[in-house]
1. Assume the label is 7 Å from Cα along Cα to beta carbon: what separations in nm does residue B:303 have to the matching positions in the other copies?
2. Starting from the Cα of residue A:312, move 7 Å in the Cα-to-Cβ direction to define the label point; list residues of region A:255-296 whose amide nitrogen is under 12 Å from there.
3. If we count other beta carbons within 10 Å of each Cβ, what is the order of B:292, A:277, B:102, fewest first?
4. Roughly what % of DSSP beta bridges within region B:81-151 run antiparallel, to the nearest 5?
5. Once you treat every alpha carbon in region B:296-384 as an equal point and sum by Debye, what is log10 I(q)/I(0) at q = 0.25 Å⁻¹?
6. Could you work out the equivalent-ellipsoid semi-axes for region B:24-157, taking the square root of 5 times each eigenvalue of the Cα gyration tensor, largest first, in whole Å?
7. Taking 2.2 N^0.38 Å as the expected size of a compact globular protein, what ratio does the Cα radius of gyration of region A:227-372 give against it, to two decimals?
8. Grab the residue from chain B whose Cβ hugs the B-to-A rotation axis most tightly, plus its distance in whole angstrom.
């Protein structure tokens with residue numbers, strides 16, 4: 001592999017061409033890439049089978065092996081993902097703000113690509129292609145650093161992408177891949193401010209914390225979701241139960257799943273047994289002492305309230321007031337997605353205003369925090385930070401802007 | 001002084017109240033603060049005179065002493081600055097995007113405060129009040145870390161601000177001040193992710209680089225401006241000269257001043273002598289060998305092209321084409337403000353699209369990159385980074401957003 005600095009130069013040079021590429025040129029290139037991936041199906045599956053074999057030899061859990069595995073239909077889904085991105089509006093060279101100063105200068109705030117984006121991700125090989133497609137469509141070059149467990153799959157996928165770009169007007173250097181599992185290269189990447197404009201870590205909490213702590217390149221924190229559902233005293237309890245079941249059990253391994261249920265004391269006696277009856281056969285309940293008066297559950301610890309279980313486990317706590325619920329959410333939450341079930345308008349507004357999170361729901365499941373659900377078409381992850389972009393990161397979040405000022409000789413007084 | 005962690009708790013708690021404060025409450029508090037500053041005029045000037053005395057004892061250059069100095073009229077300007085912020089629109093709890101999904105969920109993207117902002121700045125005591133006022137109006141608490149040379153002035157100003165807040169509905173903990181010149185506290189501040197949402201370094205290049213390199217809190221790089229003016233071959237040379245004089249000499253110590261002049265080879269013979277005649281008595285010219293055929297100048301070095309002079313010095317270079325000009329700007333520029341003088345539409349568009357900077361001018365002076373000039377009313381600095389905010393940082397750049405989702409029982413399929 002070439003050194004990271006050399007790769008950086010290629011990416012930066014390519015990003016200049018991406019910056020001026022038309023939507024049509026980008027879409028044609030994406031179509032070419034999708035064809036190349038299909039043409040290389042056998043190579044990709046063969047490479048993936050090597051990763052799977054190694055993973056099993058290293059005793060990877062079957063759940064994780066499943067995330068790593070590709071088959072023909074999964075590769076077709078990846079190709080479908082490219083088609084989705086082709087259909088999305090180009091987010092570049094648009095303005096929602098143009099104004100003219102008294103002196104006649106006209107200022108346009110135009111969306112432009114960030115330049116070169118780096119992504120550090122775990123396991124799933126589909127991210128390789130998804131991230132490339134979103135970056136290309138938003139005019140950004142991308143540096144990929146996938147998991148060492150997926151290196152054969154990723155190498156084959158990147159080779160197919162580059163093959164697809166070969167005859168297009170987009171340079172093959174629009175995507176580069178760190179084909180080396182040496183961790184020192186990640187550290188070098190985190191400090192490559194001379195060519196990287198943004199780094200997105202996508203994976204578990206430890207990876208994200210490591211990247212945020214060590215990067216000098218601006219980062220976009222994604223993913224960690226310790227999400228809460230608060231049943232207010234005026235809640236429609238049937239709706240609350242239906243939403244809890246959805247938020248907790250529809251898919252447990254995702255960041256927008258519910259991890260803790262907060263229940264107002266006035267409805268706990270009625271609501272908690274409903275919960276117990278509905279989900280105790282699938283979900284382990286860990287509740288505070290007050291709740292245990294109404295249901296059978298393990299006693300919840302402080303750590304339970306801090307944990308993103310990503311599993312069939314639900315922490316439960318009775319609160320005396322909406323203020324206590326908001327305080328709990330702001331203390332333990334990860335600023336991802338939070339929900340209140342209430343029929344009281346004042347409380348709905350209060351919860352939405354005072355809870356500090358990317359997305360705050362009234363009477364709906366937290367599971368909707370997702371680029372596709374929001375109508376963004378696709379996403380690079382869910383940002384849990386407040387700067388740059390918050391919530392689902394779609395094409396419009398992968399841009400920056402430039403002020404273009406048109407004058408006819410103006411000077412400052 | 002209390003420890004930084006204690007101060008952090010006060011700020012975080014205060015930010016909760018700021019988050020729900022109405023515009024009227026914030027404006028009344030700002031008015032109270034402006035009155036308190038006037039009422040404490042004598043104390044503030046006395047404190048400032050101590051800083052000035054110490055500065056002179058330490059042989060500070062008179063130019064820097066002047067930046068540090070307050071007198072009655074300068075304090076009145078600071079008070080006027082607060083009045084300006086009072087008149088600005090509240091940037092909080094607004095939406096430019098509300099949409100409804102097929103399933104009936106309505107999503108509103110609402111502007112909300114960032115939370116707690118930290119600012120690390122040099123010398124000028126007016127920044128203490130300006131930064132506080134912008135933070136308060138945008139619903140953010142602020143932690144101030146000024147220069148050790150201004151510590152007496154800043155202490156007096158912060159005391160006056162807190163006195164002004166005492167009888168308002170805004171907590172005095174909306175502003176806290178690191179009343180200690182120990183550098184270790186800066187390092188602690190840079191890693192205080194548990195209570196700081198953003199750090200803005202405002203000062204020289206070394207300070208900014210130090211902060212960006214060492215902070216784990218998201219940062220907003222401001223200020224460094226190595227700005228260029230490119231005279232294209234179709235330029236109106238009279239306009240070009242007028243704009244160059246303005247951009248280079250109207251005020252030399254500012255980040256949006258021009259540092260390098262690039263001239264197309266076809267007009268160099270005519271334009272460079274015009275420049276020499278107009279500014280050689282005030283501005284030292286440092287030119288490449290080609291330019292020296294037409295004017296008297298020192299030979300420019302590589303370092304000259306890299307330097308933000310902030311002085312009566314102009315680097316000059318002849319380029320063969322607009323592409324060479326764009327390459328030079330993208331290589332040496334700091335992504336701040338760049339200008340082309342041209343009558344050619346294609347080149348105007350090309351320059352604006354391909355130059356990577358916060359603001360790209362056609363036929364106007366780079367000196368307009370400024371919050372007040374742009375119509376933002378006031379500014380916290382000029383961002384030269386691409387993430388979060390780029391260009392002048394006014395109230396609208398000191399916010400984040402939250403997605404509010406209203407449902408009536410929706411669950412994800």
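Derivation of every value follows stated rules applied to the coordinates shown; laboratory data play no part. Computed from a prediction, not measured in an experiment: that's the story for all the values here. Quick reminder, even Gly has a Cβ in these numbers, built from the backbone with ideal geometry, and neighbours come from all protein chains shown.
1. Shortest to longest, the spacings are 5.8 nm.
2. It comes to A:279-285, nothing else.
3. So the residues, fewest neighbours to most, are B:102, A:277, B:292.
4. 45 percent
5. Debye output, listed in q order: -1.39.
6. Semi-axes, largest first: 38, 16, 10 Å.
7. Normalised Rg, Cα atoms only: 0.91.
8. Of all Cβ atoms in chain B, the one nearest the axis gives B:388, 2.
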